[in-house]
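The values are calculated or read from the model by the stated rules, or taken from the named source; none is laboratory data. Computed from a prediction, not measured in an experiment: that's the story for all the values here. Quick reminder, even Gly has a Cβ in these numbers, built from the backbone with ideal geometry, and neighbours come from all protein chains shown. Note: accessible area is taken over every heavy atom of the protein model, side chains too, but ligands, DNA and RNA are not part of it. Shrake-Rupley method; radii C 1.70, N 1.55, O 1.52, S 1.80 Å.
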Amino acid sequence: MMRKIFIILFGISFIILLFWLNLEKELDYDDYENMELLSTKSKSQLENEGYSKVDIEKIKEFDKNYQNHLSLVNMIENNTVKHYGYNNRIIEEHRKIIYEKNDFTKQHNHLMFNTIVMDLARDEERDAARIIIEFEWNNKPSSNRHAINVTYNNFIMKNIYTALKYVDSKDQNDIVYKMAELEPVNFLDGFYTDFDSRKRIDGKNYVLTAGIIVLDVRSYIVGKGIAPLSITSRYVTKPLIGSQEILSEQVIVNAGNEI
């Protein structure tokens, strides 16, 4: 009798588990063709298909982020990234950014990691800036999960461009650019994204070798004069077990235009 009750309870639990697992669809952010298709659907359609609220927000933000990704890849391939400032305006050659402080507090031996303020400008009645974060590995990344964490007090995000470079482990000429998966938040006073150092694409294994993230930020302080722009930029690893480790950290204090 007890065995029969156990089998019945096990069966019910198994059915509930299956129902729970299928209640929400898993979003494949790397499937750009499907993401574009999903972005054309209404929220109610996506809810009926089993997508969570967070995933629906990601889907609705996808098209803008994807177009920014394609724009950045085009800039990378044409070597024009560093010639454009905030809002993609061409920067005057004599305009240079100066810093009260621009130091690395920590640097990883096998990771080139650098953050610069590309431009400071005016956006309507607010100060605006373009921040560029670049990294490149000179060997295979040290763990499977990585993240970039940038803080910038007094500013909020207006536009994000991301491009992560993956190379086929068996063919160095086979390169794929992927965008970082962005959480649906407003990035007030800071930016965060995490990503895999290895990806399997079309049956082949790819390894992360480099990346670039371009952040267009705008001050939430209204008034004249450039709002103080100070940045702390970190590249960290996220191990499967244990706490994250900061591999490289750069601190910028009071960036401004050269007079």
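Worth pointing out:
- Enumeration of residues in segment 31-59 that are surrounded by 15 or more Cβ atoms within 10 Å (Cβ to Cβ) and out of contact with any Pro (no Cβ under 8 Å at 6 or more places or on another chain): TYR32, MET35, LEU38, SER39, LYS41, LEU46, TYR51, SER52, ASP55, ILE56, ILE59
- Being closer than 28 Å to ALA210 by Cα and of a type in the set (Ser, Thr, Tyr) is a property that holds for TYR86.
- Residue match in segment 179-199 (condition: open to solvent by less than 30 Å² (accessible area, probe 1.4 Å) and in contact with a helix residue (DSSP H, G or I) (Cβ under 6 Å, 6 or more places away or on another chain)): yes
- Residues located in segment 66-93, provided they are touching a residue at least 12 places away in the same chain (Cβ under 8 Å) and part of a loop (DSSP other than H, G, I, E, B): GLY85, ARG89, ILE91
- For segment 155-163, the criterion of being touching a residue at least 24 places away in the same chain (Cβ under 8 Å), surrounded by fewer than 19 Cβ atoms within 10 Å (Cβ to Cβ), touching a Lys or Arg at 6+ places or on another chain (Cβ under 7 Å) and of a type in the set (Lys, Arg) is met by at least one residue.
- Residues in segment 226-259 that are open to solvent by 50 Å² or more (accessible area, probe 1.4 Å) and touching a residue at least 12 places away in the same chain (Cβ under 8 Å): ILE226, PRO228, ARG234, LYS238, PRO239, LEU240, GLN244, ILE246, ASN254, GLU258.
- Residues (within 25 Å of LEU164 (Cβ to Cβ) and either free of Cβ contacts under 8 Å to residues at least 12 places away in the same chain or over 17 Å from the mean Cα position of the chain (by Cα) (or both)) located in segment 103-127: PHE104, THR105, LYS106, GLN107, HIS108, ASN109, HIS110, LEU111, MET112, VAL117, MET118, ASP119
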